[in-house]
Amino acid sequence: MTEPSDISKPPIVTLLTDFGLRDPYVSEMKAVILSICPRAEIVDVSHLVRKFDIRMGAFILAQAAPYFPDGTVHVAVVDPGVGTERRPIIVETRRSFYVGPDNGVLMLSARREGIRHIYEIKNREYMLKKVSRTFHGRDIFSPAAAHLALGVHPNLFGPEVSDPVMPGFTEPKVRGREVLGEVIHVDDFGNLVTNISLENLLEIGVKEGENLRVEVGGRSLDLRLCTAYGEVSPGEMLTVIGGSGFLEVSVNMGSASRTLGCEVGELVRVTSLRKAGL
């Protein structure tokens, strides 16, 4: 079972939202957490997720979470469905807890860590006394995170969930000699970050240093799977497993997004040229 952080150390709670930094929303969440668990060490992952962009929030969370200690409680609030029938949930993985809406924002990271249990947050004992319809980040998710940080077992928050929302971007599809995925993030350099991992490429017989075929943005490109951007000439296109652990379509010292006219959500098909005999 996942355990909270070592009781000799302050429990860590991370926050990721699309709230921005102008309004008091983030500070209200922190105030609630600290009122319940004064020892909590709160780390801001990002509050500049593009408004309502679940993919972007999921990607940033998945990139940051592996570097936090076991037992960390991650709160992610990118929640365009707040106040609707969407469920507030806790995901228990092999090494962390994830708290947020059941809309997929937690799942890219949680699946990489190995999901053990998912619980719906229904127990009013672990919410604020007054729950607004529009600010579950403060009234439901923050109290839940604080109580988890105190060591409350996640099964006390509500019933187990067997049918969480699992968007397609949480797992690419491996079919024979190809992987079907999508662009889940475009970074400031214009790199197209996909949801395809090195493990997915190895499944279809592609190794670093080899060529592969990438179909994206209506174009079919035969590109080298490099280990660094500088392995090709400036302006040349390549693929690389980036710091996030996902396949990137990139241009050395340029922007793949601008070159290909691609943005988040674009479908990506990767084919092994070696297995195809091409």
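Each stretch of four or more DSSP H residues adds -39500 (n - 2.57); spread over every residue of the chain, this sum gives -5000 deg cm²/dmol at 222 nm.
For the residue pairs 9/122; 9/130; 30/51; 30/129, the alpha carbons lie more than 22 Å apart in 9/122; 9/130. Between the alpha-carbon centres of the stretch 165-210 and the stretch 1-75 there is a gap of 26 Å. Hydrophobic, long helices, defined as DSSP H runs whose alpha-carbon span along the helix axis is 30 Å or greater and whose mean Kyte-Doolittle value is at least 0.0, do not occur in the chain.
A straight Cα-to-Cα reach below 19 Å connects residue 207 with the lysines 173, 275, residues fewer than 8 places away in its own chain not being considered.
Across all directions, the shadow cast by the convex hull of the stretch 12-156 built on its C-alpha atoms averages 7.4 square nanometres.
Considering only beta bridges that DSSP places wholly inside the chain, some 75 percent are antiparallel.
Rg/Rh for the chain: what does it come to with C-alpha atoms and Rh from Kirkwood?
Radius of gyration over Kirkwood radius for the chain works out to 1.02.
In plain terms, the residue of 18, 44 with the fewest other Cβ atoms within 10 Å comes first and the most crowded comes last, giving 44, 18.
Averaging sequence separations of C-alpha pairs under 8 Å and six or more residues apart, then dividing by the length of the chain, give the relative contact order as a whole percent. Kindly include the intermediate steps, with their values, before the conclusion.
Working: 636 pairs, mean separation 43.4, N = 278.
With pairs under 8 Å counted, the relative contact order is 16 percent.
FYI, it's all coordinate maths here, none of it is from the lab. Here the structure is a predicted model, which means the values were calculated and not measured. Don't worry about glycine lacking a Cβ; one is built from the backbone with ideal geometry, like all the others, and counts go over all protein chains shown.
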